[in-house]
Amino acid sequence: MQNHQKLTIVGGILLAITYLIFNYHEVYPEIEFNYAYISGIAMIIAFMASFGLFYKDRFK
């Protein structure tokens, strides 16, 4: 399995985690900081890295 495929899988897992944390935060709003932002930023980084690895030859 290539690196961009692994990063896409990691991004998908982080997407699910972000969704679950966000829904948990909506059920329990007394928690002040929404930790979904952390996993969401990590998800975006993983997807951007996967995209970069997939298209690195076209960038040149």
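Quick one: is Ile31 out of contact with any Gly (no Cβ under 7 Å at 6 or more places or on another chain), open to solvent by less than 70 Å² (accessible area, probe 1.4 Å) and not in a helix (DSSP H, G or I)? Before the answer, list the steps.
Details: out of contact with any Gly (no Cβ under 7 Å at 6 or more places or on another chain): yes; open to solvent by less than 70 Å² (accessible area, probe 1.4 Å): yes; not in a helix (DSSP H, G or I): yes.
Here the answer is yes, as Ile31 does meet what is asked.
Would you be able to say whether some residue in region 7-22 is open to solvent by less than 70 Å² (accessible area, probe 1.4 Å), outside any helix (DSSP H, G or I) and not β-branched (Val, Ile, Thr)?
no
Given the conditions (1) under 20 Å from Gly52 (Cβ atoms); (2) touching a Gly at 6+ places or on another chain (Cβ under 9 Å); (3) not hydroxyl-bearing (Ser, Thr, Tyr), which single one is not true for Ile21?
With respect to (1) under 20 Å from Gly52 (Cβ atoms); (2) touching a Gly at 6+ places or on another chain (Cβ under 9 Å); (3) not hydroxyl-bearing (Ser, Thr, Tyr), Ile21 is out only on (1).
Anything in region 31-60 that is hydroxyl-bearing (Ser, Thr, Tyr) and farther than 14 Å from Ile21 by Cβ? List them, or say none. Reasoning before the result, please.
Start the filter on region 31-60 by keeping residues that are hydroxyl-bearing (Ser, Thr, Tyr), which leaves 35, 37, 39, 50, 55.
Scanning region 31-60 gives Ser50, Tyr55.
When both residues are 6+ apart or on different chains and their Cβ atoms are under 7 Å apart, which pairs have a first residue that lies in region 1-21 and is over 12 Å from Met43 (Cβ atoms), and a second that is aromatic (Phe, Trp, Tyr)?
His4/Phe54
Residues to consider are Gly40, Gly52; find the one that is assigned to a helix (DSSP H, G or I), modelled with pLDDT of 95 or more and open to solvent by less than 60 Å² (accessible area, probe 1.4 Å).
Numbers: Gly52 fails: modelled with pLDDT of 95 or more.
Selected residue: Gly40, the only one of Gly40, Gly52 that is assigned to a helix (DSSP H, G or I), modelled with pLDDT of 95 or more and open to solvent by less than 60 Å² (accessible area, probe 1.4 Å).
The values are calculated or read from the model by the stated rules, or taken from the named source; none is laboratory data. None of these values were measured; they are calculated from a predicted model. Cβ: placed from backbone, ideal geometry, glycine included. Neighbour counts: every protein chain shown. Just the protein is used for accessible areas: all its heavy atoms, side chains included, with ligands, DNA and RNA removed. Shrake-Rupley method; radii C 1.70, N 1.55, O 1.52, S 1.80 Å.
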